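Beneath this line is the structure, given in structure tokens, with notes to follow.
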Amino acid sequence: MKEHNWIKIALTPFSWIYGLITNLRNWCYDYQLFASKKPSQFVISIGNLTVGGTGKTPVTEYLTSLFSNKVPTAILSRGYGRKTRGFILAHSASTPAEIGDEPMQYFLKFNPNVLVAVSENRVHGAENIAVTAPEKKLLLLDDAFQHRAIARDINLLLNDFQRPFYQDLPFPAGRLRETRNGAGRADAIIVTKSPALLADHVRNDITIAIRQFSKPETPVFFSFLEYGEPESYAGGHVSLKKVKMAAGIANPLPFAAYLRARFDVTDEVVFKDHHNYTPADVEELIKNLKNDTFVVTTEKDMVKLKPLVEASGVAGKFAYIPVKVSFGNDTGRFHEWIFKQTGHLFQAER
């Protein structure tokens, strides 16, 4: 047996203890020993059981695009990795250090149509949004599946196709934030990062595996990532041949695979998730970079790197790959389901 399997076995008893603690916490919420407060807005939570990298950001952006032109919408995030605390509304002078990289990405993409805010206390955050912008009737909670102090109307659970929660364990032997039974709280489950073409028998097998832990009637939808045309940090599309990958995301493997399949990847530099880039990082990335080679990053990395790159005068040597989620053949079924849950919001806006 491989060494890492022995480590996993040794850590499994601690995972049982961790799982018991999270089960007790959930039981206290289920039986109202711990209070959940419902905000005035209609709340959709997007979250997961697995730590990081399940595609919450693209799904949040998909829902924002789907709803924001129909009903006044706000996004509330914890702002993971920011250097501040408390409730903050994103504004034109905000930085990733102030609000976090994902909220910064939301703001840059959807401002001024969508309000973006951060607060580690989601209840207080929702209340502040209600006071600041009472016209916002829909609240999207980014990464809030375990934040049960705030009640939600729709609970969306994401399941990474490559790292399914039903084959995993809680910390520290696995990557789960709670036991797999937490899937029973989901109103719908979205399998993310699936292959664009997925055989019916694979879909059925995954659905059956998920429904060992979810409610029997919980719908399961399949989605995949669509990568857009490369965008220069200096603005506009750019044609790429040779690239040097740089990524500071939870799971860079799909991004790396995409680049390898389409470009000549000369080097791959991986930083930790939510890495705070420095001028020294920029210098290292462009060190010995040939004229025909671009440093290529994810959109999330671009949000933090771009000011540094511009300050160094090398924006023309950097590019990023935008990404969005697609539900493919499940698009109609997903839209029908979610609009059924939220139809009254649109009626109120007429």
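The values are calculated or read from the model by the stated rules, or taken from the named source; none is laboratory data. Model, not experiment: these values are computed from the prediction. All Cβ positions, glycine included, derive from the backbone under ideal geometry; neighbour counts span all protein chains shown. What goes into the accessible areas is simple: the full protein's heavy atoms, side chains included, and nothing from ligands, DNA or RNA. Shrake-Rupley method; radii C 1.70, N 1.55, O 1.52, S 1.80 Å.
Numbers at a glance
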read-out: Of Lys37/Lys340; Lys70/Lys109; Lys300/Lys324, pairs whose Cα-Cα distance is over 20 Å; value: Lys37/Lys340
read-out: Normalised per residue, the volume of the convex hull around the Cα set of region 113-219 (Å³); value: 134 Å³
read-out: Ranked order, His124, His91, His237 - accessible area, probe 1.4 Å, largest first; value: His237, His124, His91
read-out: Over region 206-350, volume per residue of the alpha carbon convex hull, in Å³; value: 178 Å³
read-out: Simple Cβ-charge dipole of region 67-222, Lys/Arg +1 and Asp/Glu -1, about Cα centre, in debye nearest 20; value: 140 debye
read-out: Coordinate range along principal axes, alpha carbons of region 248-334, Å, largest first; value: 48, 26, 22
read-out: Helix-derived mean residue ellipticity, 222 nm - over the chain, DSSP H n ≥ 4, -39500 (n - 2.57), to 500; value: -11500 deg cm²/dmol
read-out: Chain lengthening between Ala93 and Lys70 when straightened (0.36 nm per residue, less Cα-Cα); value: 5.5 nm
read-out: Cut-off under 5 Å, modelled amide H: who pairs with Ala151 long-range; value: Lys37, Lys38
read-out: Region 1-157: antiparallel DSSP beta bridges as a percent of all, rounded to 5; value: 10 percent
read-out: Contact order relative to length of the chain, as percent, for alpha carbon pairs under 8 angstrom and 6 or more apart; value: 19 percent
read-out: R0 of 25 Å, Cβ-Cβ distance Asn204-Trp337: FRET efficiency to nearest 0.05; value: 0.85
read-out: Peptides 254-267, 52-65, 101-114, 280-293 ordered by average Cβ neighbours within 10 Å, highest first; value: 52-65, 101-114, 254-267, 280-293
read-out: Antiparallel DSSP beta bridges within region 222-310, percent to nearest 5; value: 10 percent
read-out: Mean Cα-pair separation over length for region 229-350, i.e. relative contact order, pairs under 8 Å, 6 or more apart, %; value: 31 percent
read-out: Furthest towards positive pole of dipole, His237, Gly248, Val265, structure part region 177-279, Cβ charges; value: Gly248
read-out: Viscosity 1.002 mPa s, 20 °C: Kirkwood-radius Stokes-Einstein D of the chain over Cα pairs, µm²/s; value: 100 µm²/s
read-out: Cα centroid of region 71-117 to Cα centroid of region 290-313, whole Å; value: 21 Å
read-out: Extension reserve of the Ile21-Ala130 stretch, reckoned as 0.36 nm per residue once the Cα distance is removed; value: 35.9 nm
read-out: Kirkwood Rh (inverse of mean 1/r, distinct Cα pairs), region 33-110, angstrom; value: 14.1 Å
read-out: Cα gyration tensor category, rounded, prolate or oblate, for region 55-150 with a/c compared to 1.5; value: rounded
read-out: Simple Cβ-charge dipole of the chain, Lys/Arg +1 and Asp/Glu -1, about Cα centre, in debye nearest 20; value: 500 debye
read-out: DSSP bridge pairs, the chain: antiparallel proportion in percent, nearest 5; value: 20 percent
read-out: Contact order normalised by residue count of region 67-180, Cα under 8 Å, 6+ apart, percent; value: 28 percent
read-out: Fully extended contour minus Cα-Cα distance, from Ala311 to Lys242, at 0.36 nm per residue; value: 22.4 nm
read-out: Net charge dipole size for region 1-100 [Lys, Arg +1 and Asp, Glu -1 on Cβ; Debye, nearest 20]; value: 140 debye
read-out: Simple spin-label estimate for Ala35 and Val270 in nanometres, 7 Å along Cα-Cβ; value: 4.5 nm
read-out: Listed residues Asn128, Asn329, Asn159, most fluctuating in the chain (Gaussian network, C-alpha, under 10 Å); value: Asn329
